[in-house]
Amino acid sequence: MADRAAGGIQIRNLYKIFGSDPQAYIDAVKAGMTKAELNEKHGHILGLRDINIEIPSGTIQVIMGLSGSGKSTLIRHINRLIDPTAGEVLVDGTDVVKMTEAELLSFRRQQTGMVFQKFALLPHRNVLDNTLYGLEVRGIDRQKGIDTAMRWLDRVGLKGFEQKYPNQLSGGMQQRVGLARALANDAPVLLMDEAYSALDPLIRTDMQTMLLELQKELHKTVVFITHDLDEALRLGDQIAILRDGEIIQQGSSQDIVLRPADDYVANFVKEVNRGRFIHVDAVMAPFSGSAGPDDQPAIPAEATIEEAARVVMAHPAGSATVRGKDGKAIGVVSLRDLTAAMVKAEPVATR
């Protein structure tokens, strides 16, 4: 059962057709009409087909795919910037699709924050006033709002820049302002649409690290859109891969890398550094009950292959005991096992 705590999201049977009369074709699409046929014969565009995602509260859900796959269309349904043709979008059990205008306005102000690819900062406002914007809209006392905004600017590394204007900041700094503005509202749901795509690689990595560190403390429900698989694998507790408006595969980073659902997904993952995302428990030999060498190191089951290899290489034993969260031995892994898993072309079979 999905988590119903603050920020839990359930997307059910969601369809989106763009055109002058989308309802006229929804039954045909549900019956199997293709995207190409809908466009060529009826002049309508299929944006999303039968999307079903359960996002537990406090997790990072990544939605990824190539340009035109429907990922940005999907995230805009969560705060109903786009109305669906059919389906439900439930946040904390309440269907956003059925909200009145007043309810939707309150929902957007109180329960969601959004970080955009192009930063969406107001050029005539300085950093502090940009961060304050959402609090002002909610009617928060200005001094209280300033205290909140300054706290978040400090957290994202912008203390001392509060009087600067957007055109005086680098792209990475502008994105930090956008993140601070979203966090200042203290909404349980954070929507991030290609938030880091415009950043240079090193700045992008820094922003990913910051998000992960903040998430350990804040436990937001984050929906993160990206076309970059490395970013998806690093950030996502869950990943959904879209193609032509349909979900091709859902799962954890390890699921995606080890068991690609089809050639489309396999092409995404073939160049991935497997050592960073496969956990050691996927390649270990089951523990037989007999102890290994006395000096054999212990490795947690959730360690990555890359992390485990560093440990094993530093010990003459050439192998390690894998231990579960309770500290009990559950398997044994050798340097040969780890190396083979990192370079293996085909998915590694779990044991």
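Where both residues lie in segment 189-295, what percent of DSSP beta bridges are antiparallel, nearest 5?
Numbers: 5 of 10 bridges.
Of those bridges, close to 50 percent are antiparallel.
Given +1 on the Cβ of Lys and Arg, -1 on the Cβ of Asp and Glu, and no further charges, what dipole in debye does the chain carry about its Cα centre, rounded to the nearest 20?
Numbers: 40 positive and 45 negative charges, 101 e Å.
That gives the chain a dipole magnitude of about 480 debye.
Hey, rough spin-label estimate for Lys270 and Val343, points 7 angstrom out along Cα→Cβ, what's it come to in nanometres?
1.9 nm
Place the peptides 180-190, 131-141 in order of packing, highest mean first, counting for every residue the other Cβ atoms within 10 Å and averaging per peptide. Write down the numbers at each step before the final one.
Details: 180-190: 22.9, 131-141: 16.7.
Going by the mean number of other Cβ atoms within 10 Å, highest first, we get 180-190, 131-141.
Compute the distance in nm between two label points, each set 7 Å from the Cα along the Cα-to-Cβ direction, one at Thr34 and one at Thr205.
Rounded to a tenth, the inter-label distance reads 4.2 nm.
Computed FRET efficiency, Cβ-Cβ of Ala261 and Ala285, R0 30 Å: what is it to the nearest 0.05?
Working: r = 27 Å, r/R0 = 0.91.
Between Ala261 and Ala285 the formula returns 0.65.
What's the ranking of 222-229, 95-102 by average number of surrounding C-beta atoms within 10 Å, highest first? It would help to have the intermediate numbers written out before the result.
Working: 222-229: 22.2, 95-102: 12.9.
Averaged packing, sorted descending, gives the order 222-229, 95-102.
Which shape class, rounded, prolate or oblate, goes with segment 275-343 when its Cα gyration tensor gives a ≥ b ≥ c as root eigenvalues, a/c under 1.5 marks rounded, and past that a/b bigger than b/c marks prolate? Kindly include the intermediate steps, with their values, before the conclusion.
Numbers: a/c = 1.64, a/b = 1.22, b/c = 1.34.
Oblate.
Can you figure out the FRET efficiency of Glu103 with Arg142, using R₀ = 22 Å and their beta-carbon distance, to the nearest 0.05? Working shown, then result.
Working: r = 27 Å, r/R0 = 1.21.
Efficiency, rounded to the nearest 0.05: 0.25.
Among the lysines, select those whose C-alpha is under 29 Å from the C-alpha of Lys71, and discard any that sit fewer than 8 residues away in the same chain.
Lys16, Lys30, Lys35, Lys41, Lys98, Lys118, Lys216, Lys220, Lys270
Could you give the length gained on full extension between Lys328 and Met313, defined as 0.36 nm per residue of separation minus the Cα-Cα distance, in nm? Walk me through the intermediate numbers first.
Working: separation 15, 0.36 × 15 = 5.40 nm, distance 2.24 nm.
Contour length minus the Cα-Cα distance gives 3.2 nm.
Gain in length, Leu122 to Gln163, computed as 0.36 nm per residue apart minus the alpha-carbon separation, to one decimal in nm?
Details: separation 41, 0.36 × 41 = 14.76 nm, distance 1.35 nm.
Stretched out fully, the Leu122 to Gln163 stretch lengthens by 13.4 nm.
Taking only C-alpha pairs under 8 Å that are 6+ residues apart, what is the relative contact order of segment 158-258 in percent?
Taking the mean separation of contacting Cα pairs over the length of segment 158-258, I get 21 percent.
Can you tell me the FRET efficiency between Glu88 and Ile45 if r is taken as the Cβ-Cβ distance and R0 is 22 Å, rounded to the nearest 0.05?
0.50
Farthest toward the dipole's positive end in the chain, which of Ala36, Ala314, Val333, given Cβ charges of +1 (Lys, Arg) and -1 (Asp, Glu) about the Cα centre?
Positive-end residue among those listed: Ala314.
Given axes a ≥ b ≥ c from the Cα gyration tensor, I'd like to know whether segment 1-101 is rounded (a/c under 1.5), prolate (a/b larger than b/c) or oblate.
Details: a/c = 2.27, a/b = 1.79, b/c = 1.27.
Here segment 1-101 falls in the prolate category.
Would you tally the net charge around Phe18, using a Cβ to Cβ cut-off of less than 13 Å, leaving Phe18 out, and scoring K and R as +1, D and E as -1?
On the way: positive: Lys16, Lys35, Arg49, Arg76; negative: Asp21, Asp83.
Net charge in that neighbourhood comes out at +2.
Would you mind telling me which residue in Ala308, Ala317, Ala198 has the biggest mean-square fluctuation in a Gaussian network model of the chain, where springs connect alpha carbons within a distance under 10 angstrom?
Maximum among the listed residues: Ala317.
Taking only DSSP H segments of four or more residues, each worth -39500 (n - 2.57), what value at 222 nm results for the chain once the sum is divided by all its residues, to the nearest 500 deg cm²/dmol? Display every interim value, and only then the final one.
Numbers: 13 runs with 126 residues, N = 351.
Mean residue ellipticity, 222 nm, calculated: -10500 deg cm²/dmol.
How much net charge surrounds Leu183 when only the other residues with a Cβ under 13 Å from the Cβ of Leu183 are counted, with Lys and Arg +1 and Asp and Glu -1? If you can, show how the numbers build up before the last one.
Details: positive: Arg151, Arg155, Arg176, Arg181, Lys220; negative: Asp154, Asp186, Glu213, Glu217.
Neighbour charge sum, excluding Leu183 itself: +1.
No lab work stands behind these numbers, since they all come straight from the coordinates. It should be emphasised that the depicted structure is a prediction, and the values quoted were computed from it without experimental measurement. Every residue, glycine among them, receives a Cβ derived from its backbone with ideal geometry; neighbour counts consider all protein chains shown.
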